[in-house]
Every structure is written in C-alpha cells, then in structure tokens.
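S.K.: Sharing a structure with you now.
Just so it is clear, none of the values below were taken in a lab; they were calculated from the coordinates. Computed from a predicted structure; not experimentally measured. Cβ placement follows ideal geometry from the backbone for every residue including glycine, while neighbour counts extend to all protein chains displayed.
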Amino acid sequence: MAPVDLYDETHRPQFHFTPQRNWTNDPNGLVWYAGEYHLFFQHNPRGIRWGNMTWGHAVSPDLLHWQQVRDAIEPDELGTIFSGSAVVDWRNTGGFQTGSEPALVACYTSAGSEAPTPRPFTQSLAYSNDRGRTWTKYAGNPVLDHVRGANRDPKLIWHEATAQWIMALYLDGHDYALYGSRNLRAWQHLSDLVLPGASECPDFFPLAVDGRAEEERWLFWGGNGTYALGTFDGRAFTPQTEVLRAESGANGYAAQSWSDIPASDGRRLQVSWMNGGKYPAMPFNQQMSIPVELTLRTLAEGVRLCRWPVRELEQLRAWKHVFRDEELAPGRDLVPGTGGELFDVELEVDPAAATALGVWVRGLDLCCDLEQGTISFLGRSAPLPRREGRVVLRLVIDRTSLEVFADQGQLSMSFCFLPEAADQPLAVYARGGAARVTRLVVHELQSVWR
Ligand code: FRU
C-alpha cells in the first residue's frame with residue numbers, strides 16, 4: 001500500500017504519531033542524535049491490542065514528520081520489552097562504541113515470565129553503533145536485578161556534577177528509586193522516594209526557572225502527569241513542593257522527555273501517550289501527543305511547570321482565519337468558515353458579561369465556566385487560569401484529539417475523541433451575556449502525510 005493510503009484512513013491522526021499498524025502505548029527511548037529525533041514506542045507488532053511488548057521505532061528531523069523504521073528491541077528469554085529510555089554515551093562509559101561515533105544506549109525493562117522459568121522484572125541494556133538502526137542486547141543483561149514488585153521503566157540521565165549516570169526507576173505502589181552508575185553496566189542504589197498518587201514511567205531532569213540557568217530546579221515526574229520540584233545532590237531528590245499536576249486532561253499518560261537535545265537548542269521536549277483513544281476499524285491503535293516544550297515559570301502560586309506545543313508545529317500552518325474585537329453574543333456563535341479538520345487555534349476572550357464561554361470542537365463542548373472558574377471537556381474539569389481577566393487558550397486539534405493549553409501553558413489537557421457529526425468543525429460561543437473576542441486566529445494545518 002502506498003504511504004498516502006496507509007496514513008489517510010478515516011480516524012488516522014494527521015500530525016500526531018501513530019504506528020503504521022497495531023498497538024502502541026508509552027513513548028520510549030527518546031533521544032536526539034545527529035539531526036534525528038528518535039521515538040521508540042511500546043509496540044505489539046502482531047496485534048491491535050496490548051501484548052508481545054517490543055520497542056517500535058520512528059525517526060524525525062522535526063518532531064512532526066515521523067518515519068517508522070524496523071522494530072528496535074524484541075522479546076527474549078528475560079521477557080518482553082517494557083518501557084525505558086535511551087542516551088548517547090558520548091564518553092563511551094559503557095565501552096559499547098565500535099566506530100568513530102558514540103553508541104546509543106537503551107535501558108529498558110525485561111518484563112520476566114511466569115513459565116517455564118519464573119523470572120521477575122529486571123532492567124537491561126541494548127546498544128546501537130549505527131545511529132539507532134540496529135540494536136544489540138548487552139551480553140551481561142540484566143544490569144539491575146529485581147528490586148521489588150513489578151519494578152520498571154528506567155529513565156537515564158548523565159549527571160555532570162558527580163560524573164555518573166542516574167537511573168530513575170519505578171518500584172511499586174507510589175515508590176520510586178534512584179540508582180547511579182559510572183559505566184551503565186553496574187548500578188548502585190542511591191535513594192528512594194515517594195510520589196504520592198503516581199506510579200510507573202518516571203522522568204527526572206533539571207530545568208531553569210524563568211530561563212535563568214543559575215536558578216535551576218530538579219523535576220521528578222510520574223506516569224500520571226504529576227510532578228514535584230526540588231533539589232538533587234547526586235544521591236537524593238529532596239522535594240520542595242507537594243505533588244503538582246501538569247496533565248489535567250483525560251488521556252495524557254506516561255510522558256517522557258528527550259535526552260541529548262543539543263545545548264544550542266537547549267529545550268526540554270516531552271511527548272505523551274494519549275492513553276485511551278478509540279480508533280474503530282483502523283489498522284493501528286493509540287496515538288502520541290503533540291510534542292511539547294517544558295519550562296518552569298514563576299506564577300502567583302509559585303514556580304510551576306508549563307507545557308507548550310513545540311514551535312515546529314507552526315510549520316504546518318497553511319491558512320488562517322483572523323478575527324479581532326468581535327462581539328460574542330449568546331446565541332450568535334463566531335464561526336470561522338472552514339471545512340477543515342486540523343487546527344491550531346489561538347483564542348483570547350474578554351468574558352465581559354458572559355457567565356460561560358467556549359468552543360464547539362467538532363460538535364463537542366469545550367466549556368469555560370466563568371462562575372466556577374473551570375474549563376471542561378468530555379467530563380473532565382480543571383481550574384481555568386486567566387490572564388488579566390481574559391481567557392487565553394491554544395487548541396491543537398487533529399482528527400481524533402484535542403490538546404488544550406491555557407495562558408502560557410500552565411494548564412494543559414490532552415483528550416482523545418471520536419468526532420461527532422457537526423455542521424461546523426469549530427464555533428466559539430458565549431452564554432449568560434455577551435463576551436468580546438479580542439483575538440481569534442484559526443490556523444488550518446497541513447497533514448504531515450501530504
Ligand atoms: C505504562 C506501562 C509501563 C510499562 C509499559 C508496558 O503505560 O504500564 O509501566 O513499562 O506500560 O507496556
């Protein structure tokens with residue numbers, strides 16, 4: 001089948017990653033090397049539902065146009081291949097490098113087995129000396145024995161100050177641990193920590209506050225899209241905040257950030273699994289989120305994580321519909337004349353006399369309740385931030401997903417949906433009184449498959 005046919009099925013996202021065929025869940029092994037973003041993904045190469053976990057693999061020059069290449073890491077006698085991360089071993093600490101270029105090293109969970117030999121979950125390595133195209137499992141696997149429960153999802157980061165690799169690992173319940181290694185092969189336990197309410201898929205990295213490199217916080221991230229900010233001394237993470245929520249939608253899960261983004265770029269980039277989407281009669285199942293840039297900003301309530309779609313998305317903007325200073329009266333929706341289905345929407349509204357306002361997205365109601373101070377979609381609500389009284393939203397809309405970013409990204413919500421039959425793909429409304437749309441720009445996006 002020609003690629004165009006394969007990627008143009010009714011419910012195929014047009015600028016979010018999906019596997020050509022079959023199941024995916026968590027993003028894995030996110031690493032940048034030599035001009036390519038790598039996206040490995042939990043994959044069932046043989047079925048439309050979860051199972052036979054393998055690392056699928058795609059590469060992209062720009063985080064949007066992904067080319068799926070051959071599966072990277074396949075099940076073996078230690079188990080199927082669960083989630084994990086990848087790094088560039090610049091200093092050849094692991095000794096895996098064969099040529100003149102550094103090896104890419106992946107660290108994943110070997111998910112054990114019940115029979116014939118019962119084996120628990122352990123952590124293993126694989127490496128590549130050809131820019132990620134082929135992978136060899138380390139002969140000494142596993143590199144970290146079973147610790148507890150279904151321990152899993154190792155995330156690696158190089159810690160320059162103590163010249164060691166750090167592994168953040170999920171243990172059990174809400175418990176996580178940090179391990180350290182000089183050579184990727186031998187790991188020592190450094191500390192334990194609890195992230196109340198969270199489980200699975202940790203991430204752990206420093207971020208500058210308000211872009212000031214001299215003021216850095218470490219961020220510990222849990223699978224459910226919550227995080228804590230704190231300090232790290234090379235052994236232990238000491239939280240300075242309670243657990244905070246970064247993902248407030250119904251479908252964002254198991255996010256991971258890219259390793260080895262060049263210093264000249266300097267961004268911390270993250271992608272999530274949009275857990276729970278429905279794709280009836282499609283050859284694939286599940287999709288990734290739009291990649292976002294993570295920043296820490298000082299807000300009224302303290303330093304908080306903000307998530308914002310990567311600037312590369314703007315390259316897909318093809319046409320725009322612009323409205324300024326439009327009165328929005330109840331019963332008189334603002335309808336950009338479009339038959340499109342892929343949008344990047346920038347909306348700023350002064351609520352004025354309205355008690356509620358929102359956007360019909362393919363017949364589904366994204367509603368800001370101004371009396372309650374909430375924003376909701378498909379039954380999920382979150383506190384709505386306002387900028388000098390205004391509601392400031394960015395909506396990223398693909399065939400089967402809506403991602404909402406409020407103000408500067410201090411609120412983000414990821415949703416999957418199946419479009420309903422609607423007269424208009426988009427309409428902005430007010431209720432209870434008139435509002436004023438100070439600015440609305442509806443960008444129609446191009447598919448990455450055209
Ligand atoms: C999270 C998760 C991980 C695990 C993987 C298995 O969605 O359960 O903890 O490694 O998926 O596919």
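S.K.: If you plug each phi of region 358-367 into the Karplus form 6.51 cos²θ - 1.76 cosθ + 1.60 with θ = phi - 60°, what whole-Hz ³J(HN,Hα) values come out, in order, with x for Gly and Pro?
M.R.: So the Karplus estimates, Gly and Pro as x, are x, 9, 7, 10, 6, x, 10, 8, 8, 10 Hz.
S.K.: Now for a different question. Given the -39500 (n - 2.57) contribution per DSSP H run of 4+ residues, what per-residue ellipticity at 222 nm results for the chain, rounded to the nearest 500 deg cm²/dmol?
M.R.: 0 deg cm²/dmol
S.K.: Quick one: 3J(HN,Hα) in Hz for region 137-144, Karplus 6.51/-1.76/1.60 with θ = phi - 60°, rounded, Gly and Pro as x.
M.R.: Values per residue, Gly and Pro as x: 7, 5, 5, x, 4, x, 8, 9 Hz.
S.K.: Can you give me the Rg/Rh ratio for region 315-445, using Cα atoms for both radii and the Kirkwood formula for Rh?
M.R.: Rg/Rh: 0.92.
S.K.: Right, here's the next one. Applying the Karplus parametrisation 6.51 cos²θ - 1.76 cosθ + 1.60 with θ = phi - 60° to the phi angles of region 52-68, what ³J(HN,Hα) value in whole Hz is obtained for each residue in order, glycine and proline being reported as x?
M.R.: Each residue of region 52-68 in turn: 6, 4, 9, 8, x, 8, 9, 10, 8, x, 9, 6, 10, 8, 9, 10, 6 Hz.
S.K.: Dividing the alpha-carbon Rg of the chain by 2.2 N^0.38 Å yields what?
M.R.: 0.99
S.K.: Starting with the fewest neighbours, write out Phe17, Phe323 ranked by other beta-carbon atoms found within 10 Å of each beta-carbon.
M.R.: Ordered from fewest to most neighbouring Cβ atoms within 10 Å, Phe17, Phe323 come out as Phe323, Phe17.
S.K.: Based only on Cα atoms, what mean projected area does the convex hull of region 22-289 have, in nm²?
M.R.: With the hull built on Cα positions only, its mean projection is 14.2 nm².
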